[in-house]
1. For Cα pairs less than 8 Å apart in space and 6+ apart in sequence, what is the mean separation divided by the residue count of the chain, i.e. the relative contact order in percent?
2. Could you check the simple spin-label distance between H384 and K526, using points 7 Å along Cα→Cβ, in nm with one decimal?
3. Select from N186, V585, V44 the residue farthest towards the positive end of the dipole of the chain; place +1 on Cβ of Lys and Arg, -1 on Cβ of Asp and Glu, and compute about the Cα centre.
4. For segment 70-141, run through the trypsin sites (Lys or Arg not before Pro) and keep only the ones in DSSP coil with at most 15 other Cβ atoms within 10 Å of their Cβ.
5. Of all DSSP beta bridges located in the chain, what percent are antiparallel, nearest 5?
6. Calculate I(q)/I(0) for segment 445-588 by the Debye formula, one identical point scatterer on each C-alpha and no solvent, and give its log10 at q = 0.14 Å⁻¹ to two decimals.
7. Convert 10 °C to kelvin, take the viscosity as 1.306 mPa s, use the Kirkwood radius over C-alpha pairs of segment 3-241 as Rh, and evaluate the Stokes-Einstein diffusion coefficient in µm²/s, rounded to a whole number.
8. Loop only per DSSP, at most 13 neighbouring Cβ atoms within 10 Å: give me the trypsin sites (Lys or Arg not before Pro) in segment 327-407, ordered by residue number.
Amino acid sequence: MCGIVGFTGSRQAAPILLEGLKRLEYRGYDSAGVAVLDSGDISVVKTRGMIKNLCEMTHDGADVKGCIGVGHTRWATHGVPNDVNAHPHLSNNGRFAVVHNGIIENYAQLREELISSGIKFKSDTDTEVVAHLLEYYGDEDAKVAVMKTAARLKGSYVLGVLCNDGRLFAIRESGPLILGIGVGENYFASDVTALIAHTKNVIYLDDGEFAELTPDKITVYDCTGSPVTKPVSRVVWDVEAAEKGGYEHFMLKEIMEQPRALKATIEPRIKDGRIVLEELGLTDEELRDVNKIVITACGSASYAGQVGRYVIEELCRIPTQVEVASELRYRGPIVDSHTLLIAVSQSGETADTIAAIRECKEKGARTMAIVNVVGSTIAKLVDHVVYTWAGPEVAVATTKGYTTQVAILDMLAIYLADKLGRIDKERYDQLLGDLQEIPSKIQRAIDLNTHVQYLAERYYQNRAIYFIGRNLDYASCMEGSLKLKEISYIFAEAYPAGELKHGTIALIESGSPVVALACYERLFDKMVSNIEEIKARGAKVLAVALEGDKRIVSQADDFILIPRSDPLLVPIAEIIPLQLFAYYVAKANGCDIDKPKNLAKSVTVE
Ligand code: F6R
């Protein structure tokens, strides 16, 4: 969702801001703008549409002079995407320019109040109240005006504020904001990807903190204005990792990166034939105290949780439920100190997941998170964190984020089962052996690329595609169907194969395309029967099964055979052809794969 950048130094700001905004494009946006200060005047250039429009309007920033400024990509929440609603917003006296990510929940009330004191509004946004509040309090020192303004706001807001006296502020309340420390210049951004071309030394702001940036100094304050000493962290991601590297789309690049991402996630956690999850910081006694696990997340991360649930329940025999965070947060979750809440999130910034964690924490649950972005809100909020080492994920549709989440959940299940004494040595060793082979098996699944592309070209014209499977295959069906619908806009839905007869089979008619996952061997015969049932009603079946499954080959219209491994670990390889299938179907339909319509990478508002 909205992206924010800020810069102060001795170089021209606009080109740096535009470059930073380009790196945040993947978050999803519908308009963009910059505000730059020169000789006491703030110039604002903003427009609906792509950053390339902004680049054209400003000759790549060359027309906007000045060495200090803020930039923004907007994902519309209040007011349609147009030039006026685009950020930055200026106070009427031209003293303050504001960029904002989040939602100001009390904006209507503040707007009324400001209008009744004679202030004129230009846009429909919630953000504009901030610019006018700053002006309202602006007789004071700019820092005091910032504090007084922030104290009036309710909701989630990450703000960049540029003052015409040359001061630059970044404010954080419930949203991502990172400060970058350069040499003779400093930055802020919503995301490290916008900073890594300039610096790897960063400060993560916490909620309720704000910072003032000058070219030589960053000072962080708490909400009362007292200085706070913050640690400087070093970012491990490099620029190449956040670029396309010759691929047509980030999504394809990220699919191809999965063997490496999985190796980085799995390998360092296996030492001397054991899974080592010391980073979790849970003692054996604390682990034994857990009698219920609740997994919460949104979208694909919740489907990773679905895979995790099957594996945890089978190996650990601990009742485990998965609930999407937007439901869990409002349901008065039944949790206590014996409950382990596992939040799963690539970005670590998903608003509903954050709220669900807070809710469960308040009710006494022990909280842990599986997160990809170091220093993210979720990573900081929970009691225990395990990182996926997927590297930056830029495409809106997650791929390596998802498979690395599943890998951590698998490892956690094996680790926990061992600590609880619920797994024997033989099974432990066998699972560990198969776990270590995952990166090479994923590579073999990726090698199916050309075959999957050929299949996608046979299916891309369908307007609805069903996915069926049982047990772990059903979990993969949910993720496979989400991948397809979100980037190709084809209706795709996942059904447990055993449920077909209870309604869905009514949809099957001659030529109905069905992706049938038949990798879960214990229920293979049942899946074969389900395939027969739908074939008898005319369905065209694309089956995904394990190498050597001859019955599938003879039954399905089309098939994809993936490498074998322990049944509990198969979902990681199984999803690869479904990711590729979604990718090539979307490509054949001419869709904007990396930035699907209406979607944002990081969903930082409810
Ligand atoms: C789908 C997708 C989304 C995310 C969801 C949660 O491809 O990427 O469904 O999985 O928005 O995001 P994170 O994992 O950042 O919390």
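1. Taking the mean separation of contacting Cα pairs over the length of the chain, I get 12 percent.
2. 3.1
3. V585
4. Passing both the DSSP loop test and the Cβ count: K120, K122.
5. Working: 64 of 104 bridges.
Counting only bridges with both partners in the chain, antiparallel ones make up about 60 percent.
6. Relative scattering, expressed as log10 I(q)/I(0), comes to -0.55.
7. Numbers: Rh = 17.3 Å.
The calculation lands on 92 µm²/s.
8. Numbers: sites: R329, R331, R358, K361, K363, R366, K380, K400; in loops: R329, R331, K363.
Passing both the DSSP loop test and the Cβ count: R331.
Readers should treat all values here as calculations from the given coordinates under stated rules, not as data from a laboratory. Since the model is a prediction, treat every value here as computed from it, not as a measurement. A quick note on method: Cβ atoms are made from the backbone with ideal geometry, for glycine too, and the neighbour counts reach across all protein chains shown.
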